[in-house]
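Notes for the one structure printed next.
The values are calculated or read from the model by the stated rules, or taken from the named source; none is laboratory data. Note that the structure is a prediction, hence the values are computed from the model and not measured. As a convention, Cβ positions derive from the backbone with ideal geometry for all residues, glycine included, and neighbour counts pool all protein chains shown. We work out accessible area using only protein heavy atoms, side chains counted, and drop any ligands, DNA or RNA first. Shrake-Rupley method; radii C 1.70, N 1.55, O 1.52, S 1.80 Å.
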Amino acid sequence: MRIRCPHCGERDLKEFTYGGDASVSRPDHASSDTKAFEAFIHHRTNPAGRHAELWHHTAGCRQWLVVVRDTVTHDIESVEMLGPWGEEAKPRRGWR
Amino acid sequence: MKGFRISPRDGYGTEIDRSTPVNFTFDGKPFQGFRGETLASALLASGVRRFGRSFKYHRPRGLFSAGPEEPSALMTLRLGARREPNTKATMIELFDGLAAQSQNRWPSLDLDLMAINQLGGPLLSAGFYYKTFMGPTQKAWMVYEHFIRRAAGLGKATHLPDPDRYERTHAYCDVLIVGGGAAGLAAARAAAATGARVILADENARMGGALLAEAATINGMAARTWAETTATDLDDMANVTVLPRTTVYGYYDDNQLGAVERVADHVAAPPDGTPRQRHWTITAKRVVLATGALERPIVFAGNDTPGIMLADAGRTYLRRFGAAPGRRVALFATHDGAYRAARDAAEAGLEVTAIIDPRPTVSDTLANLAMDAGAELVTGHAVTRAEGGKSLEKITVAPVDSLSGTTFGTGHPYHVDTLLVSGGHTPVVHLASQAGGAPVWDDDLTAFLPGTPREAWAAAGACAGHYALTACLNTGTRVGADAAADAGFAGTTPEAPSARDDLSLDEVVFLREVKAVGKKGWLGPKSFVDLQHDVTASDIHLAHREGFVAVEHLKRYTTLGMAADQGKTSNVTGLAIMADALGKDVPDVGTTRFRPPYTPVAIGALAGRNVGGHFAPVRRTPMHDWHVANGGLMLVNGPWMRPHGYLREGETLTDAYIREARQVRQSVGIADVSTLGKIDIQGPHAGELVNRMYSNGFAKLPIGKARYGLMLREDGTLYDDGTCWRLGEHHFLMTTTTANAGLVMANMEKLLSVYWTDLRVSLSSITDQWAGVSVAGPNSRTLLKSILTDVDLSDEGCPFMGVRRACFDGHDALVARLSFSGEMAYEVYVGAHHGLALWEHMVDVGKPLDLVTYGLEALGTLRIEKGHIAGPEIDGRSTADDVGLGKMISRKKAFVGSTMIDREALIAPGRLQLVGLIAKDFQPIRSGSHLVANSEMKEPAESLGHVTSYTYSPALETHIALAMLKDGRSRHGETLYATYPLRGDHGAVTVTDPVFFDKDGSRMHG
């Protein structure tokens, strides 16, 4: 599998580390809602098909990415960068 | 013909060099062949008929094919450390000194005592293991496994380390062409002409595939000459890489394919500087699958008798290697193309006795061919039975209904020593199946063809069901040009080469199984479907009678197609027999899914150079060489090399660590702690981040102070510990354990990028940039005073947990007064380049103070004496409270894991809690021992906990340990037993508080 990192370009899977389901959100940090944290930590839908995932470009730019991928065909629909530079790295005119 | 070697004549023996004999041995006996041929052909030409014994029944087996599909002629190749089992004689290029051994026979190939397994035939039928060893008889497996494993099996691998080198490489191309036969060469020619980067890979030593045994002409030259010329032309082009002896074995996502190049398998040992094999990871924009087709055998009684061979294989041995499969030959074929074998056999001077064809009538062309070959043409008939002592002597031929396979009458015998068989072709759809939908059944061709591509590939030639030569050349040219165009190369492409078709697969009937009349009896010849795994037609019928309907179940129950050849010659026939039994059509039964690898891949090729010392990158601290030069016994610790202890002459590690630990407490010791994870945290929200990460309070940590922090996982269990130093209002230095440095960093990056996007913090790993030395012992301050300048190290100037900037030899340094050992101690950091100078300077200056350098083991001793936790206690199950640090946890703030720490199970009674152990019998307490109440070692015994860390304590002068014990804190004073049945250890211990030494901490406060 190859992932097109918005920052580094297309790279081999070996450079990345899987970071889990991107569709779950962490409850507000100040929250003490145990149920909400349980869902965040343990509950996963594990779909056969379209799945938004977190990937870390560990051996590259070290940015965290959201990769929308089909778990059956492994086709990658989109890759977006997260974090403070995420906005700047969005594809724009002149960007390959 | 001399022996079984065809006399020199045009078109026969084209690849052997008769002037260069090659000497080799088979089962220890000397043999001679010629350069350019395979082990299989050399043995065949020498008159060898028995090549091995079968997997289960130990039946004698001959040579069945001439390619990678070979199910029977498996050899153990080479001797000693290079010994390699289960190689296919058909794929081994002959070299001088080659030593081959047949397999699965004892004591010898001709006399095999294990052949008695044949008498147990009905017992060893489908599902034998399940039926015999499941349920109440399961224990019997324990008893019989040894014998069964010995009786059934293939070759044995060597136990010696592999002396050869393997390489891994990556390649990128526009068009990858798999297979260098007619279609592959045509495709490569077309794609290469556009300027596209082309890789052409073929598993054989030379390009050409079936063309090498072909009688036809292409562009006016012999097919094999055209193949050779085309391959040479391609190799000369700058944009083309031709890879012979390279098997593309797997098709993975995003058009990445795995291939193994056998660089030096065709010589006795790799020449200097040459790897044995090279693994290629090829990323291609487009792939052309020109993988050809394999010939399909026919199932009839005794069809595994040595002397029975696939028809195309027979042609290959005759035409390419000048080796005769036998002298009196018959052909049993279900389509037109196979008649070429009879024609060639007659042309080579063999006696072709009969051509048996189940089709009721055949064309005049075939009838004339039979007449020219001097063969009796027997249409509407089938071979019902093959027999022979050492090898084939007689076949029985009877009228057959070609649709059902039912035969009539007892038949008529033919005395032949060789039977060439062809039941049609099976396209090699393995890679297509790996990278696409399920293969699609074609009724006309009676074969599975590649399904819908899921990756960027297209099939050409026989792989796509185009068997005729012109069709191969035409589809190859078209698919090759299309692939280049799709990859962005729209140049002009050459016309397809011109050729005239010879006979090819035409008017085929799919004869699944010849059913003989009358009772066969269980000692009679068996009808084999899978020759390598000894699966018979009756095994499949039995599975059907027992209710198996799904092909994937059938495969696993009968083990059909599960041997090293993955059923290359047996799958389709097996499926068809199953379909018949179920009264269904083949496509309705479906086919099993192909998975990589196409042919077995050596682990060495996958590992490449990442073996031994190169298994993982080695990380060394700036002081590494000093450690090694001064007796340091180096140990892999996480990703780093660290000194375990510094051994003086005559010392064991135990002697060394006891001396080192004692000396630290007496005077002063230094340890290399450069490997601790160090993360520089800066930004307006640096303090907020640190406060969220640690479970204890950090909000009020003043500048110039360090604090010990506990990090939890999101689920509330312990994750990591370390100290965190506040260097400025918005600037922290976080230290982590050596092992978790990378993970803690990645986890914080994730939280900041994904969930806490409002925090403005920047993280940098500075583990490698700073060298660190821990200075511990009553004289530590005295030592440091003569090392560091521009810093006040007094209790007022640098109090306990104080962090100060300092200067070492004109360079910036950081010093923090921290203690892991329980002594007055400091950690000093300087730039990595100055680490060695700092270390050496300390050793020099420390001489009058009796300074000692101490390693990991002494570091452990000192922390165990103090009851400090480390990796063995933070094992992913323990909580802060379990290890006695529950009081540290802040109840006033939210932190990672805060919501989960009070979950029921984490606070329930009966949890394992940290305790100390003191040996009552003055014996070591082995780490990993379980704690039990019984004074004697006996099973079963309830485990009350386990020993996590052990040391001999010089301070207490006895053996002590840390342990996790059920309700441990309420059991201080109890006597328990540390048991380790595997080693026979069982010793009495007293449970104590985990802090063994200096309980009030007065020593570290100085």
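Observations on the model:
- Averaging 1/r over every pair of different alpha carbons in the protein assembly as shown and inverting the result gives a Kirkwood radius of 34.5 Å.
- For segment B:876-1006, accessible area per residue (1.4 Å probe, heavy atoms of protein chains only), Å²: 50 Å²
- Separation of alpha-carbon centers, segment B:855-879 and segment B:253-294, rounded to whole Å: 48 Å
- Separation of segment A:1-73 and segment B:339-417, taken as the distance between their Cα centroids, equals 64 angstrom.
- FRET efficiency for the B:Met371 to B:Lys2 pair, using the beta carbon distance and R₀ = 41 Å, is estimated at 0.90.
- Free-standing Cys, chain A [no other Cys Cβ under 4.7 Å]: A:Cys61
- Note on B:Arg863: accessible area approximately 20 square angstrom, rounded to 10, probe 1.4 Å, nucleic acids and ligands left out.
- Ratio Rg/Rh [Cα only; Rh per Kirkwood] for segment B:770-896: 1.03
- Distribution of pairwise C-alpha distances over segment B:230-314, 10 Å bins, in %: 13, 27, 30, 22, 7, 0
- Gyration tensor (alpha-carbon) shape descriptor, segment B:849-936, a/c threshold 1.5: oblate
- Two-site FRET efficiency, A:Arg44 against B:Ala908, from Cβ-Cβ distance with R₀ of 25 Å, rounded to 0.05: 0.45
- From the largest down, segment B:569-642 spans 79, 20, 16 angstrom on the principal axes of its Cα atoms.
- P(r) weight above 20 Å for segment B:612-765, C-alpha pairs, percent: 59 percent
- At q = 0.10 Å⁻¹, base-10 log of I(q)/I(0) for chain B (Debye sum, equal scatterers on each alpha carbon): -1.08
- Surface exposure of chain A, expressed per residue as accessible area with a 1.4 Å probe, stands at 59 Å².
- In terms of distances greater than 24 angstrom between alpha carbons, the cross-link table entries B:Lys678/B:Lys847; B:Lys700/B:Lys893; B:Lys88/B:Lys285 yield B:Lys678/B:Lys847; B:Lys88/B:Lys285.
- Beta-bridge orientation, the protein assembly as shown: approximately 75 percent antiparallel, per DSSP, counting only bridges with both partners inside.
- Within segment A:8-23, backbone nitrogen closer than 20 Å to the virtual label 7 Å beyond the Cα of A:His74 toward Cβ: A:9-22
- Shielded by partner chains, segment B:710-735 residues - at least 40 Å² of accessible area, 1.4 Å probe, vs chain alone: B:Glu714
- Per residue value of the accessible surface for segment B:635-738 (all protein chains in place, 1.4 Å probe), Å²: 33 Å²
- Solvent-accessible area lost in complex, 10 Å² minimum, residues of segment B:237-276 relative to chain alone, 1.4 Å: B:Asp253, B:Asp254, B:Gln256
- 1.4 Å probe, heavy atoms, protein only - residues of segment B:873-902 losing at least 40 Å² accessible area vs chain alone: B:Ala894, B:Thr899, B:Met900
- Accessible surface buried upon B-A contact (total; probe 1.4 Å; Å², nearest 100): 2300 Å²
- Surface share of carbon and sulfur [accessible, 1.4 angstrom probe, percent] for chain B: 53 percent
- Between B:Thr361 and B:Lys394, the FRET efficiency from the beta-carbon distance, with R0 = 22 Å, is close to 0.25.
- For the pair B:Asp921 and B:Ala699, label points projected 7 Å from Cα toward Cβ lie 5.5 nm apart.
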